[in-house]
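J.: Submitted below is the structure of interest, expressed as structure tokens.
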Amino acid sequence: MTRLDRLGEAALIKALLPHLAHDGLVVGPGADDAAVWIEPGGGFTVASCDASVEGVHFDLGWMTPEEVGWQALALALGDLAAKGAEPTFGLAALAAPGGWDSERVLGIYAGLAGLAARVGLRLAGGDTTSTSGPAMLALTVLGRTQRGPLARADVKAGWTVAVTGPLGGAALALEARRFQRRLPKLAEGRRLNEAGLACGDVSDGLLREMEKFAAASGAGCVIEIDRVPRAEGATPARALASGEEVELVCAGPPDVLAAAGLEPFGVLTSDARVRVVDSRGGEVTVEDRGYEHFR
């Protein structure tokens with residue numbers, strides 16, 4: 001028996017794979033954060049789930065309940081954006097302490113509903129239950145696309161990698177206790193998927209995301225630290241590690257990436273290592289490699 005804080009998320013997911021369904025899925029467990037299947041009438045359904053835990057992903061000491069709901073859905077929709085899917089339906093499961101007042105719960109759902117209406121997602125129900133704490137909001141989101149999306153597992157050595165916008169802003173906002181009313185990159189994700197790119201959201205930090213690409217595909221990455229776009233005030237190291245970003249990281253053949261209007265920050269390699277280098281090619285040691293669950 002191995003404790004989860006010693007095993008880590010990647011090893012845990014690998015151990016769970018034999019217990020999960022794979023038949024009938026275009027993108028199945030282990031290949032990506034989202035599941036994808038073909039609909040009988042044509043097109044594809046993309047499904048994902050995401051949990052927001054009090055004290056880990058949100059803090060009601062400085063966030064309003066409405067902001068908690070908005071942020072939780074914005075981040076949950078990142079996996080649909082990465083697969084170019086149009087949101088359709090969602091389910092919300094809330095575990096809340098009995099000491100909460102109803103206005104707090106209604107505020108969270110108002111935040112969910114506000115963003116859902118903005119992006120065309122219909123909240124179809126879910127579940128509520130009590131807990132001694134902390135609270136948790138678990139969201140399941142579904143979307144549709146006419147094009148079969150590429151998964152992390154589909155990327156190849158020699159492809160280049162880029163991100164849709166500057167990174168590090170989410171970490172700076174969290175440090176300053178400043179809420180950002182961000183929107184998931186749904187339109188951008190559709191455009192990039194139609195261009196033939198494989199995309200993922202930057203939920204745990206850019207370095208961690210590239211490690212997920214490597215675990216799924218076997219293709220590692222060399223990241224040129226000075227070419228990673230940074231938010232104003234963010235250091236290069238902060239841009240590499242900042243999680244809960246709405247930007248997408250995309251990989252594809254160099255000409256396809258360039259045609260999509262993206263500037264590469266790195267290249268995929270035939271080994272599974274994810275390395276950071278400076279402008280002269282010297283390897284850079286990075287202490288913070290992003291958010292690691294169970295550690």
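Taken together, the values in this text are just the output of simple stated rules run on the coordinates, not laboratory data. Because the structure is a prediction, the values reported are computed rather than measured. Note that we place each Cβ from the backbone using ideal geometry, even for glycine, and neighbour counts take in every protein chain shown.
J.: Once the other residues with Cβ under 12 Å from the Cβ of residue 46 are scored (Lys, Arg +1; Asp, Glu -1), what is the net sum?
T.: My count for the surroundings of residue 46 gives -1.
J.: Where the only charges are on Cβ atoms (+1 Lys, Arg; -1 Asp, Glu), what is the dipole of the range 152-277 about its Cα centre, to the nearest 20 debye?
T.: Using only the charged Cβ atoms, the result is roughly 260 debye.
J.: Quick check: the angle from helix 206-217's long axis to the longest principal axis of the chain, C-alpha only, nearest 10 degrees?
T.: For 206-217 against the chain, the angle is about 70 degrees.
J.: Sort 136, 1 by Cβ crowding within 10 Å, fewest neighbours at the top.
T.: By the 10 Å Cβ count, ascending: 1, 136.
J.: Any idea what % of Cα-Cα pairs in the range 4-145 are farther than 20 Å?
T.: More than 20 Å apart: 52 percent of the Cα pairs in the range 4-145.
J.: If you place +1 on the Cβ of every Lys and Arg and -1 on the Cβ of every Asp and Glu, how big does the dipole about the Cα centre of the chain come out, in debye to the nearest 20?
T.: 260
J.: Name the lysines eligible as straight-distance cross-link partners of residue 185: C-alpha to C-alpha under 22 Å, and not fewer than 8 places from it in the same chain.
T.: Within reach: 83, 212.
J.: Hey, another quick one. Which of 130, 102, 242 has the fewest other C-beta atoms within 10 Å, and how do the rest follow up to the most?
T.: With the fewest neighbours first, 130, 102, 242 line up as 102, 130, 242.
J.: Can you bin every Cα-Cα distance in the range 226-287 into 10 Å intervals starting at zero and give me the percent of pairs per bin, rounded to whole numbers?
T.: Reading the bins upward from 0: 16, 49, 34, 1.
J.: Roughly how tilted is helix 65-76, in degrees to the nearest 10 and between 0 and 90, from the longest Cα axis of the chain?
T.: 40
J.: What number, rounded to the nearest 500 deg cm²/dmol, is the helix-based mean residue ellipticity at 222 nm of the chain, given -39500 (n - 2.57) per DSSP H run of at least four residues and division by all its residues?
T.: After summing the helix terms and dividing by residue count, I get -8000 deg cm²/dmol.
J.: With the radius of gyration and the Kirkwood radius both derived from the Cα set of the range 152-277, what is their ratio Rg to Rh?
T.: With Rh from the inverse mean 1/r over Cα pairs, Rg/Rh is 0.95.
J.: Stokes-Einstein D for the chain at 25 °C, 0.890 mPa s, Kirkwood Rh over Cα pairs, in µm²/s?
T.: D = 125 µm²/s.
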